[in-house]
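Notes for the one structure printed next.
Bear in mind these aren't lab numbers, they're just calculated from the coordinates by the rules spelled out. Just so it is clear, the structure is predicted and the values come from calculations on it, not from any experiment. As a convention, Cβ positions derive from the backbone with ideal geometry for all residues, glycine included, and neighbour counts pool all protein chains shown.
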């Protein structure tokens, strides 16, 4: 028997779940949330990793304690240490007063480190020591700080591959991934597409509705930007449509290919995350005609992260994607 979509809210973030894959994942989250194990969440950009992290805190024994989240990619490299571990007055020229770090703010609760693969090696060492329960100093401090924090980390990168190439510490990878969860991409969660689209449409214009053809187009699109791209497409259609009925042309999506359920599925594992991520990035870049800032917004990553990844792919791959 097919079940209708479930709507839940985790720390203010709505979760519309209909697909068996996501129902199974949230069921697993409820079980592991009761432990203190560190959790590593993998998956493509925009697939819902932060939602899963919030669900872990929501179901945990720490749910009444602080929830603190930070994107490691959004922090300038010279500020990462002071943001995570705090600083004392006079630690540097603009430190006019002491400031607690994010670990202190999350004490007894949960600290969510998004885009953990962006941490530079020196900070990886310090993070490992804190995760092992070693007290640390604030920047410029002389008194050690001890915290009790559950760390949940997320990445859209292949950390195993980064370990093999020396870009990520092996010991930190295993410490963060005491439990590993993978969020499947939207193209593998066909049952979630329509409920999510209808939810986003109600948020933009409660009186609007999709035509049957528009719904079929939504289900056939590959969604390289995942849920974030779906939200942007629906919001734009609701704003620009001249009628309450949203038709296929209002979505401004490419002509549909095979339905998502008819396309071959790729197992969600660290080994193929890099390839899926590369395809997603190049496809979104092509859709934005090479506009990197717009592509970064659709993908839910920083402009700096996108530039770094495009350098890894090479100019030829980028030119080919924009030419198709």
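Label the stretch 41-200 by shape, choosing from rounded, prolate and oblate, from the square roots a ≥ b ≥ c of the eigenvalues of the Cα gyration tensor; if a/c is under 1.5 it is rounded, and otherwise prolate applies when a/b is larger than b/c, oblate when it is not. Taking the square roots of the gyration eigenvalues as a ≥ b ≥ c, the stretch 41-200 is prolate. Using C-alpha pairs below 8 Å separated by at least 6 residues, the relative contact order for the chain is 19 percent. What's the angle, to the nearest 10 degrees (0 to 90), between helix 190-204's Cα axis and the longest principal axis of the chain? It is inclined by approximately 90 degrees.
Helix 270-287 and the long axis of the chain differ in direction by around 60°, with both axes built from C-alpha atoms. Using helices alone, I'd like the mean residue ellipticity at 222 nm for the chain: each DSSP H run of four-plus residues gives -39500 (n - 2.57), total over residue count, nearest 500. Only helices count here, giving -13000 deg cm²/dmol. Working ranking of peptides 207-218, 171-182 by packing, defined as the average number of other Cβ atoms within 10 Å per residue, highest first, is 171-182, 207-218. Assign one of three labels to the stretch 15-81, namely rounded, prolate or oblate, based on the Cα gyration tensor with a ≥ b ≥ c the square roots of its eigenvalues; rounded applies when a/c is under 1.5, prolate when it is not and a/b is larger than b/c, and oblate otherwise. Cα axes put the stretch 15-81 in the oblate bin.
Sorting 157-165, 191-199, 287-295 by their mean Cβ neighbour count within 10 Å, with the most densely packed peptide first, gives 191-199, 157-165, 287-295.
Taking all Cα pairs closer than 8 Å and separated by 6 or more residues, the relative contact order of the stretch 186-262 comes to 42 percent. Return the FRET efficiency for the residue pair residue 11, residue 247: r is the Cβ-Cβ distance, R0 is 51 Å, and the value is rounded to the nearest 0.05. Given R0 = 51 Å and the Cβ-Cβ separation, E is 0.90.
Its relative contact order, with pairs defined as Cα atoms under 8 Å and 6+ residues apart, puts the stretch 127-226 at 19 percent. For the chain, the spread of Cα positions along the three principal axes, ordered from largest to smallest, is 65, 47, 38 Å. Averaging the Cα positions of each part gives two centres, and for the stretch 52-91 and the stretch 92-137 these lie 7 Å apart.
Only beta bridges with both residues in the chain are counted; by DSSP, about 30 percent of them are antiparallel.
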